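The block underneath contains the structure these notes are about, expressed in structure tokens.
The values are calculated or read from the model by the stated rules, or taken from the named source; none is laboratory data. Bear in mind the structure is a predicted one, so any value in this text is a computation, not a measurement. For neighbour counting, all protein chains shown are included, and Cβ atoms are generated from backbone atoms with ideal geometry for every residue, glycine included. Each accessible area value is taken on the protein alone, full model and side chains, heavy atoms only, with ligands, DNA and RNA left out. Shrake-Rupley method; radii C 1.70, N 1.55, O 1.52, S 1.80 Å.
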There are 2 protein chains.
Amino acid sequence: MGFWKSLFSSSDAAAASRSPKGDAWVEDASKSSAETLGAGNPYSSTYGVSDYRQGTRILFSTERDIDLYELEELCDAVGWSRRPMRKVKKAIQYSFLVVSMWQVRGTQRRLVGFARATSDHAFNATLWDVVVHPDCQGKGLGKAMMKYIIKKLRSEDISNITLFADPHVLDFYRGMGFIADPEGIRGMFWYPD
Amino acid sequence: MGFWKSLFSSSDAAAASRSPKGDAWVEDASKSSAETLGAGNPYSSTYGVSDYRQGTRILFSTERDIDLYELEELCDAVGWSRRPMRKVKKAIQYSFLVVSMWQVRGTQRRLVGFARATSDHAFNATLWDVVVHPDCQGKGLGKAMMKYIIKKLRSEDISNITLFADPHVLDFYRGMGFIADPEGIRGMFWYPD
């Protein structure tokens, strides 16, 4: 079951603004102010920089050419069961949206977050494999990534975003505006015997 | 919210076997016996024919060229809110699986059931817009359609089938082997403000 687990802390809010290439950035406040970055972006808020070193920035991307070994390492770090790489590759290929979060220091970048969504390209999107590296939890980065994802899906005119949340992340998603079991609607699962 | 409503009765079981073209059929017992139709098919069981007229049969199909006005009529019959046809068309186009259920009498056929699934083509599929015409509820046809859908998804190596069930259809899906909130995992929804 572990593969739709999400590991987040809902502590701080995070700033997300758009770079000229269309990527969203969360910048270290030592480089520029969160207010400046967030200006005009309805999804932005204040970035918690308390335990980030100078010169570190967070980059979001929707590129799909993710190193599968690096992704496996990220999933290992949160204790998920390994899955066949061939299937992970296919799932990424056929997801509607793939979002990765990178910690950038100088010329080096490290995958610290990931999520993907399936969709009918019209009404619904469903999030899967939402993960943030344990080193980066509790800093508002999960929240920043979710805001980025919601913004991307909204820009594609998707109005119904769904997910299946483990008990320990319900409050995190509630804080993002997600509602559990609205009008008594329940998530249900079927597995092979 | 109405568009993922499902309207079923879980009364009778239904036989589903494969025609040479790969479609699954539920035949009127006046034409051939359910046992014969179900032979060798792990998803087949006994078909409830109590209020079906002679010469009527039920056909399942995965064809996507569905008359959108006929689909709208079916959704109207169960009281769903109308949706823009352009978006319904796109949702059908980008769904992983589209299943329709037809009532066939002689040369005439009538759309009596519909469902579609989004998927990452690897791990997960999520069912949407599961609908059975009120005239055809309580005859085991919803169950037959679900068995057909599960069989199709399993044949594509999808192991995790999910859906969001309205309260009044929870028992129907439970009867099909679906589990609500397994390990405390909850379905969550985000809508625009």
Open item on the list: So in segment A:38-90, with the set limited to residues that are among the aromatic types (Phe, Trp, Tyr) and part of a loop (DSSP other than H, G, I, E, B), which one is modelled with the lowest pLDDT?
Closed with: A:43
- [ ] Filter segment A:61-82 down to residues that are more than 16 Å from residue B:122 (Cα to Cα) and aliphatic (A, V, I, L, M) and give me whichever is most open to solvent (accessible area, probe 1.4 Å).
- [x] A:77
Open item on the list: Looking at segment B:126-141, I want the residues that are closer than 10 Å to residue B:78 by Cβ and have a partner that is modelled with pLDDT of 95 or more and open to solvent by 10 Å² or more (accessible area, probe 1.4 Å) with Cβ atoms under 6 Å, at least 6 apart or on another chain. Which pairs are those?
Closed with: B:131/B:78; B:133/B:77; B:134/B:77
Open item on the list: Of the conditions (1) among the acidic types (Asp, Glu); (2) surrounded by 19 or more Cβ atoms within 10 Å (Cβ to Cβ); (3) not in a strand (DSSP E or B), residue A:129 satisfies every one except a single condition; which number is it?
Closed with: (3)
Task: Qualifying residues in segment B:139-158 (those that are open to solvent by 50 Å² or more (accessible area, probe 1.4 Å) and at the interface with chain A (Cβ under 9 Å from one of its Cβ atoms)) - the one modelled with the highest pLDDT - done: B:154
Open item on the list: Being over 15 Å from the mean Cα position of the chain (by Cα) and open to solvent by 20 Å² or more (accessible area, probe 1.4 Å): is that true of residue A:109 here?
Closed with: yes
- [ ] Determine if segment A:95-117 includes at least one residue that is assigned to a strand (DSSP E or B), touching a Phe, Trp or Tyr at 6+ places or on another chain (Cβ under 7 Å), of a type in the set (Lys, Arg) and more than 13 Å from chain B (Cβ to nearest Cβ).
- [x] yes
Task: Top-ranked residue in segment A:159-175 [being within 7 Å of chain B (Cβ to nearest Cβ) and crowded, with 20+ Cβ neighbours inside 10 Å; ranked as farthest from residue B:159 (Cα to Cα)] - done: A:173
Task: Residues located in segment A:83-94, provided they are open to solvent by less than 70 Å² (accessible area, probe 1.4 Å) and either touching a residue at least 60 places away in the same chain (Cβ under 8 Å) or under 11 Å from residue A:66 (Cβ atoms) (or both) - done: A:83, A:88, A:92
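Which residues, counting only those in segment A:158-176, are in a loop (DSSP other than H, G, I, E, B) and in contact with a helix residue (DSSP H, G or I) (Cβ under 8 Å, 6 or more places away or on another chain)?
A:166, A:176
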